[in-house]
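Engineer: Let me give you the structure first, and then I'll get to my questions.
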Amino acid sequence: MRATSINQVAGVLLGLGAAYSAAESVTVVSWGGSYADACEEAYLKPFAAATGIDVTLDDYSGGLSQIRSQVEAGNVYWDVVDIQFPDLVRGCDEGLFEPLDVSLLAPGADGSTPEDDFHSGLISECGIAMLFFSTIVAYNHERTTGDVPRTIQDFFDLERFPGRRGMRRTPLANLEFALMADGVPATDVYATLDTRDGVDRAFAKLDTIKDQVVWWDAGAQPPQMLADGEVVMTTAYNGRIFNAQILEDQPFTIVWHGQVLEISNLAVVSGSANIPAARRLLEYASRPASMAAVSRYIAYSPSRRSAEALVTSHLATGVPMASHMPNASENTKLALRSDWSWWADNGEDMNERFGSWLLR
């Protein structure tokens with residue numbers, strides 16, 4: 001687990017007019033690896049330099065358990081968390097996050113109000129959507145001969161594509177993948193999951209590959225699994241595969257068919273001792289320029305419309321980024337947008353069933 005003081009890295013740049021105070025600090029918890037590095041470069045270092053507020057970056061694997069434990073014990077040492085939408089909604093309902101003051105958000109780069117600038121439904125009661133990312137399927141084309149995977153159905157086809165699969169140890173996205181692979185149109189996935197038979201159908205499809213699955217927990221694992229030949233294909237976060245492709249010259253190919261488009265959010269933990277600093281960080285990070293800056297380091301899309309026009313090229317390589325964005329029109333032709341409200345309502349039950357299923 002990392003714990004990096006951004007001011008130790010960036011230095012305290014008093015020349016920018018920031019009055020440093022040792023009393024002001026904020027701990028941000030993110031997903032580690034190349035994604036956390038992108039956020040650090042895009043807005044955490046600039047925020048620390050501009051404000052003099054000391055920023056410490058830590059890693060976790062998602063979920064609410066650690067946040068809930070801190071809040072319930074009255075010992076909150078995380079201030080801002082990067083969290084998926086269903087957990088944000090559930091945590092807000094439980095009182096784990098501070099309410100969001102929309103008036104603190106900056107206008108769009110085109111002068112539009114935040115309410116108009118953010119894509120629909122992405123300003124919630126307790127958090128702010130930062131970016132779109134996708135859970136996709138990827139494979140190593142140097143280890144693949146003959147026919148290559150092109151669809152989500154191919155991921156579940158052990159006859160045509162024998163070998164082990166990588167999947168995140170969670171029902172989120174996996175149930176959707178299973179139903180789409182079983183022939184359910186993307187538009188009908190959540191209506192199907194709303195029925196007991198539909199959930200049974202998803203788990204039955206997962207049963208067909210279960211003994212060939214290598215489970216992963218952290219986003220850095222799938223690229224390594226592909227590189228090592230531990231799996232022939234894996235679900236992964238699109239940005240992690242992109243960075244492995246262009247920064248490490250890994251022979252990976254993304255299968256966009258059936259991708260599950262998800263949203264990452266920032267929220268302030270209830271009971272934080274650094275709420276003013278944490279709210280300043282949310283305001284800074286959610287500016288259109290800050291969001292667009294993330295895409296200079298990793299292939300994730302801004303959640304604000306005006307920020308999309310600011311997306312340019314990958315900083316280290318000069319690769320144009322527009323076509324690599326998960327919400328690019330070419331990549332979303334056969335995509336499913338994750339229904340955060342369904343997961344907020346049903347996530348606990350699905351997690352319990354998934355855990356029992358894993359043990360069988």
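Engineer: Kindly establish whether residue 68 is charged (D, E, K, R) and either more than 30 Å from residue 251 (Cα to Cα) or open to solvent by less than 10 Å² (accessible area, probe 1.4 Å) (or both).
Structural biologist: yes
Engineer: Before we move on, is residue 336 within 19 Å of residue 261 (Cα to Cα), among the hydrophobic types (A, V, I, L, M, F, W, C) and either open to solvent by 70 Å² or more (accessible area, probe 1.4 Å) or out of contact with any Lys or Arg (no Cβ under 6 Å at 6 or more places or on another chain) (or both)?
Structural biologist: yes
Engineer: What residue, among those in the stretch 155-194 that are under 22 Å from residue 87 (Cα atoms) and assigned to a loop (DSSP other than H, G, I, E, B), is farthest from the chain's Cα centre (by Cα)?
Structural biologist: 194
Here's the yes/no breakdown for (1) part of a strand (DSSP E or B); (2) over 27 Å from residue 39 (Cα atoms); (3) touching a residue at least 12 places away in the same chain (Cβ under 8 Å):
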| residue | (1), (2), (3) |
| --- | --- |
| 200 | no, yes, no |
| 205 | no, yes, yes |
| 230 | no, yes, yes |
| 235 | yes, no, yes |
| 241 | no, no, yes |
| 246 | no, no, yes |
| 254 | yes, no, yes |
| 273 | no, no, yes |
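Engineer: Just need a number here: residues in the stretch 104-136 that are part of a strand (DSSP E or B) and of a type in the set (A, V, I, L, M).
Structural biologist: Pass one, the stretch 104-136, residues part of a strand (DSSP E or B): 118, 123, 127-136.
Cutting the leftovers down to of a type in the set (A, V, I, L, M) gives us 123, 128-131, 136.
Total meeting the criteria: 6.
Engineer: Can I ask one more? Within the bounds of the stretch 212-229, is there any residue that is open to solvent by 10 Å² or more (accessible area, probe 1.4 Å), of a type in the set (D, E, K, R) and out of contact with any helix residue (DSSP H, G or I) (no Cβ under 8 Å at 6 or more places or on another chain)?
Structural biologist: yes
Engineer: Ok, one more. Mind listing just one residue for me: the one in the stretch 25-55 that is of a type in the set (S, T, N, Q), assigned to a strand (DSSP E or B) and in contact with a helix residue (DSSP H, G or I) (Cβ under 7 Å, 6 or more places away or on another chain) and, of those, most open to solvent (accessible area, probe 1.4 Å)?
Structural biologist: So, considering only residues that are of a type in the set (S, T, N, Q), assigned to a strand (DSSP E or B) and in contact with a helix residue (DSSP H, G or I) (Cβ under 7 Å, 6 or more places away or on another chain), the one most open to solvent (accessible area, probe 1.4 Å) is 25.
Engineer: Still on this structure: So which of 311, 294 ends up being under 27 Å from residue 80 (Cα atoms), among the β-branched types (Val, Ile, Thr) and out of contact with any Phe, Trp or Tyr (no Cβ under 9 Å at 6 or more places or on another chain)?
Structural biologist: 311
Engineer: Mind checking which pairs have a first residue in the stretch 326-340 that is assigned to a helix (DSSP H, G or I) and a second that is open to solvent by 50 Å² or more (accessible area, probe 1.4 Å), Cβ under 6 Å, 6 or more apart or different chains?
Structural biologist: 331/256
Engineer: Would you point out which residue out of 103, 112, 124 is surrounded by fewer than 14 Cβ atoms within 10 Å (Cβ to Cβ), farther than 27 Å from residue 207 by Cα and of a type in the set (Gly, Ala, Ser)?
Structural biologist: 103
The values are calculated or read from the model by the stated rules, or taken from the named source; none is laboratory data. Everything numeric here is computed off the predicted structure, so don't read it as measured data. No Cβ is skipped: glycine too gets one built from the backbone with ideal geometry, and neighbour counts run over all protein chains shown. Surface accessibility is based on the protein's heavy atoms, side chains included, excluding ligands, DNA and RNA. Shrake-Rupley method; radii C 1.70, N 1.55, O 1.52, S 1.80 Å.
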